Amino acid sequence: MTAALSEPTTHLEAGTFRAEAPGDDPTGYGGLGDDVDTELAVAAELEEALLSALMWAPQELAAAITEILSAPRDNGADYAPFVRPVHAIVFDAIAAVATKTQPSPILVNARLMETGQLRSSAGGVRNTMLTLAAPTNAPMTIVDNIAYLAIKIVDAHYRRGYTALLTRMTQHRDESPIEDLAGHWAQLTGYQQRAETDWTNRREALEALGRR
């Protein structure tokens with residue numbers, strides 16, 4: 001039989017804990033490995049590089065990449081590949097701008113103001129935008145590799161999903177009745193297979209953009 005997932009679990013995301021509701025696909029949340037500080041640092045650097053590049057990219061390219069990274073999962077759930085919540089906020093603003101014109105820091109800031117994200121310093125949105133608008137690396141150089149930056153973010157999200165699956169199954173092994181273990185394994189395997197399909201589709205689409 002397929003047993004329902006048991007008690008909610010939590011995982012570390014950008015220094016905070018977020019609860020997973022019972023029944024949620026753990027691959028949609030992801031989890032971090034043993035070296036949390038390094039993983040968060042690398043993820044933040046990738047996300048910053050991608051967001052900076054998107055704000056200087058041609059409209060067609062920015063729109064294509066944001067569409068791939070915004071498309072819902074096959075179960076209709078949001079796809080959330082960004083580890084830092086503030087980066088997800090900026091990404092959403094870039095995606096909105098890119099549907100109409102070429103993004104720029106000024107237009108993205110205007111979008112964030114319209115949606116109320118710049119009205120307070122909560123979340124560090126304004127400071128993040130200052131960092132992204134004046135990156136250490138030359139923006140045009142980063143834009144050349146923008147599809148591959150997005151691929152690395154998709155890959156990292158998929159890897160975190162495996163960490164979450166293993167953590168959830170370990171929880172079931174320790175806490176669930178023996179007769180329920182096969183059901184939990186089957187359920188988590190289903191999540192893994194759907195996550196792999198999702199990862200493959202997004203990766204192939206981004207690789208096609210990178211070859212243009």
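The values are calculated or read from the model by the stated rules, or taken from the named source; none is laboratory data. Model, not experiment: these values are computed from the prediction. In this analysis, Cβ positions are derived from the backbone assuming ideal geometry, glycine residues included, and neighbour counts consider all displayed protein chains. Protein only, heavy atoms only, side chains kept; ligands, DNA and RNA dropped before computing areas. Shrake-Rupley method; radii C 1.70, N 1.55, O 1.52, S 1.80 Å.
Specify the residue that is farthest from residue 145 (Cα to Cα); the eligible residues are those in the stretch 49-83 that are assigned to a helix (DSSP H, G or I) and acidic (Asp, Glu). Here the residue is 67.
Considering the stretch 25-40, the residues that are among the charged types (D, E, K, R), in a loop (DSSP other than H, G, I, E, B) and at pLDDT 70 or above include one that is least open to solvent (accessible area, probe 1.4 Å), namely 25. If only residues of the stretch 129-150 that are modelled with pLDDT of 90 or more and under 22 Å from residue 89 (Cβ atoms) are counted, the one that is most open to solvent (accessible area, probe 1.4 Å) is 149.
Only a single criterion out of (1) open to solvent by 80 Å² or more (accessible area, probe 1.4 Å); (2) farther than 14 Å from residue 26 by Cα; (3) at pLDDT below 90 is not satisfied by residue 175, namely (3). The residues of the stretch 183-211 that are in contact (Cβ under 8 Å) with a residue 24 or more places away in the chain and surrounded by fewer than 14 Cβ atoms within 10 Å (Cβ to Cβ), listed by number, are 186, 197, 207. Residue 49 meets the conditions (1) surrounded by fewer than 20 Cβ atoms within 10 Å (Cβ to Cβ); (2) touching a residue at least 40 places away in the same chain (Cβ under 8 Å); (3) closer than 21 Å to residue 160 by Cα in every case but one. The failed one is (1). Restricting attention to the stretch 158-212, the residues that are in contact with a His (Cβ under 9 Å, 6 or more places away or on another chain) and not in a helix (DSSP H, G or I) add up to 1. Looking across 92, 78, one residue alone is farther than 17 Å from residue 45 by Cβ and modelled with pLDDT of 95 or more. It is 92.
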